[in-house]
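Peer 1: Got a structure for you, questions after.
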Amino acid sequence: MSTGAVITAAGMVTALGDTAASTTAAVRARLTRFREWPSYPCLPADPPRPEEPFSVVAAYTDLPRALDLPVRLLALALQDLATSGDLARADLEDASFFLARPSPGPSAHHHELRDAFRERVADAAGVDAVTRGLLAPDGHAAMLLGLAHAARAVEADPGTPWIVAGADAQVDVGLLEALDRARRLKSRRNLDGFIPGEAAAALLVEHRRRAEARGATILAEIEGSGAAEEQSLIESGDPPSGEALAAALAAACAAGGPPAWVLCDLNGESYRAKEWGLARVRAPALLGGVRALWHPADGYGDVGAATGGCLAAACVRSFERGASPEARAALFAGSGGGTRAAVCLVSAAAKRA
């Protein structure tokens, strides 16, 4: 069943590229760009005996500049969206926005940024409509939930397009210290962890009739979506069940059947890898035929709230270039609070065929 919702433009900025096109090319080539940040000097290693005080891996010396990064990144992603989609400023002003904010952090500066995120992005991008945007729940699943919301919204009101946008930079010193104390950051002393990253993504979702009427290039159709809640959270120490992830993917793929290509938020943490494995065990008919599994965090790190948007941008750009392993893809991401979200995208060429 067609939802009628299509994606007609995508913008993205990551450590691998300053546009969706360049980042996606780097992801397909399996490039990585991890390096030490000059303003993040490493501290001495932990003492040899566990009863001695714990020391964090590193500390920032340039915190204010780092915390402003999500705003600047999202302004650049919106610029890439406008350029690649041949959109004027008026087109952005006419759209409704769904925004994913940076991940929560303990510092006062970080909370100020989150509270004023819409206004800060609107000023940086010069788009007043951003200030009226809906705010997504936190976490990896945020922008996939945004795509699902936008698909439903354009079905109800085909004349209004939606821009699903988000940014994150996990460089808050308090957040990094908390993640490090929880043994979630990857380092030489902890291989079961992730590398923090920063990124922004933006996608234009509109009804197919509107897109065709204005002569837009359709990159992909949103075929379906799903969401569910995992009860065993990543910070609880309990293993995941895989039930929620399997349920979200089943709902997203209900219309078109089992996917052969999956893009996901696996980031190096064993919890996420176990959950994916358990989901495949629980739903072998649905997930047993996956031939291509992409986890771009290998190249640009864990990008928090921007995760779902980056997955979608990489997917639709691969469709556009004719470089995707399949003409249909399932995307999934899981937030720390338990939400699991999935979206199924189909290339425009496949729909025409």
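The values are calculated or read from the model by the stated rules, or taken from the named source; none is laboratory data. Keep in mind that this is a model prediction, so the values were computed, not measured. Glycine gets a Cβ as well: all are built from the backbone with ideal geometry, and neighbour counts include every protein chain shown. Surface accessibility is based on the protein's heavy atoms, side chains included, excluding ligands, DNA and RNA. Shrake-Rupley method; radii C 1.70, N 1.55, O 1.52, S 1.80 Å.
Peer 1: Quick check on this structure: which one of Ala255, Ala305 is surrounded by fewer than 18 Cβ atoms within 10 Å (Cβ to Cβ) and in contact (Cβ under 8 Å) with a residue 40 or more places away in the chain? Working first, answer last.
Peer 2: Details: Ala305 fails: surrounded by fewer than 18 Cβ atoms within 10 Å (Cβ to Cβ).
The unique qualifying residue is Ala255.
Peer 1: Please go through region 113-152 and give me each residue that is closer than 25 Å to Leu245 by Cβ and among the aliphatic types (A, V, I, L, M), ordered by number.
Peer 2: Looking only at region 113-152, we keep the residues that are closer than 25 Å to Leu245 by Cβ, and these are 134-152.
The answer is Leu134, Leu135, Ala136, Ala141, Ala142, Met143, Leu144, Leu145, Leu147, Ala148, Ala150, Ala151.
Peer 1: Return the total of residues in region 7-25 being open to solvent by 10 Å² or more (accessible area, probe 1.4 Å) and assigned to a helix (DSSP H, G or I).
Peer 2: Looking only at that region, the number is 3.
Peer 1: For the structure I just gave you, tell me whether Leu278 is touching a His at 6+ places or on another chain (Cβ under 6 Å), open to solvent by 20 Å² or more (accessible area, probe 1.4 Å) and closer than 23 Å to Ser236 by Cα. Give the derivation first.
Peer 2: On the way: touching a His at 6+ places or on another chain (Cβ under 6 Å): no; open to solvent by 20 Å² or more (accessible area, probe 1.4 Å): yes; closer than 23 Å to Ser236 by Cα: yes.
So Leu278 fails the test.
Peer 1: I would also like to ask the following. Check Leu81, Leu99, Leu113 and return the single one that is open to solvent by less than 60 Å² (accessible area, probe 1.4 Å) and closer than 12 Å to Leu204 by Cα. Spell out how you get there, then give the answer.
Peer 2: On the way: Leu99 fails: closer than 12 Å to Leu204 by Cα; Leu113 fails: closer than 12 Å to Leu204 by Cα.
Unique residue meeting the criteria: Leu81.
Peer 1: Taking the conditions exactly as written (crowded, with 22+ Cβ neighbours inside 10 Å and hydrophobic (A, V, I, L, M, F, W, C)), does Leu293 satisfy them or not? Give the derivation first.
Peer 2: Numbers: crowded, with 22+ Cβ neighbours inside 10 Å: no; hydrophobic (A, V, I, L, M, F, W, C): yes.
Answer is no for this residue.
Peer 1: Another question, if that's okay. Out of Ala167, Ala201, Ala211, Ala178, report the one residue that is over 15 Å from the mean Cα position of the chain (by Cα) and within 25 Å of Val343 (Cα to Cα).
Peer 2: Numbers: Ala167 fails: over 15 Å from the mean Cα position of the chain (by Cα); Ala201 fails: over 15 Å from the mean Cα position of the chain (by Cα); Ala178 fails: within 25 Å of Val343 (Cα to Cα).
The unique qualifying residue is Ala211.
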